[in-house]
Amino acid sequence: MNKLKRLPPIHAISAFESVARLGSFTAAAGELNLGQSAVSKQIKTLEEQTGTPLFLRHARGVELTDAGKELLNTVQPALHQLSAGIEQVRQRHDADTVTVIATHAVAHYWLFPRVIAFNRVHPEITVSIRSDNAVDASKVTEYDFGILYGEGRWPFLDKAPLFKESVYPVCHPELNVNEPQRPGDLAQLPLIELDSTEWDCIGWDDWFRSFNVEYQAAENLPTFNQVTLAYEAARQGLGVALGWHFMVEEDLRSNTLKRVGSFAFESGKQDYLVHSVHSSLKPSAIAFRDWLLKAS
């Protein structure tokens with residue numbers, strides 16, 4: 001038997017979530033643009049299908065039963081996911097909306113300023129950004145574009161290089177640190193550790209290894225699991241952090257950060273603008289791609 005056939009009507013589930021969240025049939029009716037009796041009927045339908053009361057009715061409102069609480073914990077995230085999925089499909093096929101997925105750091109520090117500039121030139125096109133550190137080649141196909149880091153070996157994606165990876169130490173201009181003469185000298189400075197075990201990114205141990213320097217992190221160093229957090233810690237003067245050029249170039253230009261030493265790790269990898277080779281680009285996406293590649 002198809003279990004989907006046993007699901008209650010979606011409008012009954014939506015009415016239940018609204019009443020549970022707002023704590024009132026009247027408020028839910030207003031939110032859903034329905035009559036209160038219609039909302040009550042939807043809840044009754046749901047209670048009949050689940051075989052149990054979902055609310056306790058009081059003079060001042062309603063209260064979830066234990067079964068109602070259990071059901072809310074199930075349907076609320078499901079409704080949010082469904083809504084997001086429908087909106088994503090809608091935007092993907094909207095002629096004047098371009099969707100892009102990228103990591104948090106790339107989306108915030110590199111892509112966002114360029115989208116603002118693009119919008120000044122093309123106010124008729126909306127660029128919708130999705131930031132996700134778990135972005136990979138399979139997820140890109142759900143969007144018009146993705147920005148992926150690597151060596152460009154994605155056979156089912158069309159790709160154009162955006163910027164090469166260059167990583168070097170940075171800190172607040174007023175942080176009192178000795179200028180390192182050799183890469184190994186940096187190990188004596190107050191470093192901000194980056195725990196990148198859960199995603200494709202280097203930490204201080206990788207950085208030192210690229211210069212053939214043995215490194216053992218000191219105890220009690222401030223440690224963050226996101227590049228953006230470590231970067232912000234450096235901006236606040238907490239210590240010396242690894243800075244990716246695409247993130248720090250503007251702060252270096254404005255003297256919000258300074259480089260520590262002249263040593264840079266060049267991995268040979270790049271970030272690419274990619275899209276599926278199996279789907280043609282709509283005119284708005286072509287306009288965005290051409291502008292972005294010219295501006296990069």
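Taking region 182-296 as the region of interest, the helices (runs of 4 or more DSSP H) fully inside it that hold 1 or more residues being surrounded by 14 or more Cβ atoms within 10 Å (Cβ to Cβ), assigned by TED's automatic domain parsing to the domain that holds HIS122 and within 26 Å of the chain's Cα centre (by Cα) are 283-295. Applying the condition of being surrounded by 13 or more Cβ atoms within 10 Å (Cβ to Cβ) and of a type in the set (Phe, Trp, Tyr) to region 153-181 and asking which residue is farthest from SER280 (Cα to Cα) yields TYR168.
Checking PRO53 against (1) in a helix (DSSP H, G or I); (2) in contact (Cβ under 8 Å) with a residue 12 or more places away in the chain, which single condition isn't satisfied? Against the list (1) in a helix (DSSP H, G or I); (2) in contact (Cβ under 8 Å) with a residue 12 or more places away in the chain, PRO53 comes up short only on (1).
Residue-wise test of (1) in the same structural domain as PRO8 (by TED's automatic domain parsing); (2) in a loop (DSSP other than H, G, I, E, B); (3) free of Cβ contacts under 8 Å to residues at least 60 places away in the same chain; (4) more than 16 Å from LEU7 (Cα to Cα).
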position: ALA29; (1), (2), (3), (4): yes, no, yes, yes
position: LEU34; (1), (2), (3), (4): yes, yes, yes, yes
position: ALA38; (1), (2), (3), (4): yes, no, yes, yes
position: GLN42; (1), (2), (3), (4): yes, no, yes, no
position: THR45; (1), (2), (3), (4): yes, no, yes, no
position: ASN73; (1), (2), (3), (4): yes, no, yes, yes
position: ALA78; (1), (2), (3), (4): yes, no, yes, no
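Check region 131-142 and report whether any residue there is aliphatic (A, V, I, L, M) and at pLDDT 95 or above. No, there is no match, as no residue in region 131-142 is aliphatic (A, V, I, L, M) and at pLDDT 95 or above.
Of the set (1) polar (S, T, N, Q); (2) out of contact with any His (no Cβ under 8 Å at 6 or more places or on another chain); (3) closer than 14 Å to ALA241 by Cα, all apply to SER166 but (2).
The values are calculated or read from the model by the stated rules, or taken from the named source; none is laboratory data. What you see is a predicted model, and the numbers here were worked out from it, not measured in a lab. Because the Cβ atoms are built from the backbone with ideal geometry, glycine has one as well, and the counts that use them run over all protein chains shown.
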